[in-house]
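*Asks:* Below you'll find the structure I mean.
The values are calculated or read from the model by the stated rules, or taken from the named source; none is laboratory data. Since the structure is predicted, the reported quantities are computational estimates derived from the model, not experimental observations. Ideal geometry is used to build each Cβ from the backbone, glycine not excepted, and the neighbour counts take in all protein chains shown.
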Amino acid sequence: MISLKPGVKLKDLVPQISLAIAIAHSIFPLYAGGGKMTVTSCNDSKHKVGSLHYLGRAVDIRFNALSGITPADRVKLARLVRNALGAEFDVLHEYIGTDNEHLHLEWDPK
């Protein structure tokens, strides 16, 4: 199941980000009890200047203690998502060990 944190806006997402969400969701059940995945931000909220979020080319996925995934499994899951998405995507495991820990996926072809 994919859920959205209240306030997440999906307007103007590029199709590649929708695909990235679907691919990540297919991998989450390997480590997340029940396979629940929560999108916490798309092109909403505050992000760094120049962030691809504002162009609809990035998404954040909950990856903290609330995700139900152990810290060791978060590392494994991030690697699997990174490998599945390939070179056109950047996959960052950000703010590790904090309440804001999340998986950041962005479509950034080189």
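*Asks:* Just give me the residues in the stretch 53-76 being among the aliphatic types (A, V, I, L, M), surrounded by 15 or more Cβ atoms within 10 Å (Cβ to Cβ) and either outside any loop (DSSP other than H, G, I, E, B) or in contact with a helix residue (DSSP H, G or I) (Cβ under 6 Å, 6 or more places away or on another chain) (or both), in sequence order. Working first, answer last.
*Replies:* Here is the first cut: in the stretch 53-76, the residues among the aliphatic types (A, V, I, L, M) are 55, 58-59, 61, 65-66, 69, 72, 75.
Within this subset, residues satisfying the condition of being surrounded by 15 or more Cβ atoms within 10 Å (Cβ to Cβ) are 55, 58-59, 61, 69.
55, 58, 59, 61, listed by residue number.
*Asks:* Considering each of 24, 20 in turn, give the residue that is crowded, with 21+ Cβ neighbours inside 10 Å, in contact (Cβ under 8 Å) with a residue 12 or more places away in the chain and in contact with a Phe, Trp or Tyr (Cβ under 9 Å, 6 or more places away or on another chain).
*Replies:* Details: 24 fails: in contact with a Phe, Trp or Tyr (Cβ under 9 Å, 6 or more places away or on another chain).
Residue meeting the stated conditions: 20.
*Asks:* Note down all Cβ pairs under 6 Å where the first residue falls in the stretch 68-87 and is more than 23 Å from residue 16 (Cα to Cα), the second is of a type in the set (Asp, Glu), and they're at least six residues apart or on different chains.
*Replies:* Correct list of pairs: empty, since none qualify.
*Asks:* Now a separate question. Residue 44: out of contact with any Lys or Arg (no Cβ under 6 Å at 6 or more places or on another chain) and either charged (D, E, K, R) or assigned to a helix (DSSP H, G or I) (or both), yes or no? Explain how you work it out, then say what you get.
*Replies:* On the way: out of contact with any Lys or Arg (no Cβ under 6 Å at 6 or more places or on another chain): no; either charged (D, E, K, R) or assigned to a helix (DSSP H, G or I) (or both): yes.
The answer is no for residue 44.
*Asks:* For the stretch 25-75, give me each residue that is among the acidic types (Asp, Glu), at pLDDT 85 or above and under 17 Å from residue 4 (Cα atoms). Walk me through how you get there before you give the answer.
*Replies:* Filtering the stretch 25-75 for residues among the acidic types (Asp, Glu) gives 44, 60, 73.
Applying the additional criterion that residues be at pLDDT 85 or above yields 60, 73.
Result: 60, single match.
*Asks:* Across the stretch 84-110, what is the total count of residues that are over 14 Å from the mean Cα position of the chain (by Cα) and either in a strand (DSSP E or B) or not charged (D, E, K, R) (or both)?
*Replies:* Of the residues in the stretch 84-110, 5 are over 14 Å from the mean Cα position of the chain (by Cα) and either in a strand (DSSP E or B) or not charged (D, E, K, R) (or both).
*Asks:* Please determine whether any residue of the stretch 14-34 is under 13 Å from residue 107 (Cβ atoms), assigned to a loop (DSSP other than H, G, I, E, B), out of contact with any Ser or Thr (no Cβ under 8 Å at 6 or more places or on another chain) and not β-branched (Val, Ile, Thr).
*Replies:* Taking every residue of the stretch 14-34 in turn, none turns out to be under 13 Å from residue 107 (Cβ atoms), assigned to a loop (DSSP other than H, G, I, E, B), out of contact with any Ser or Thr (no Cβ under 8 Å at 6 or more places or on another chain) and not β-branched (Val, Ile, Thr).
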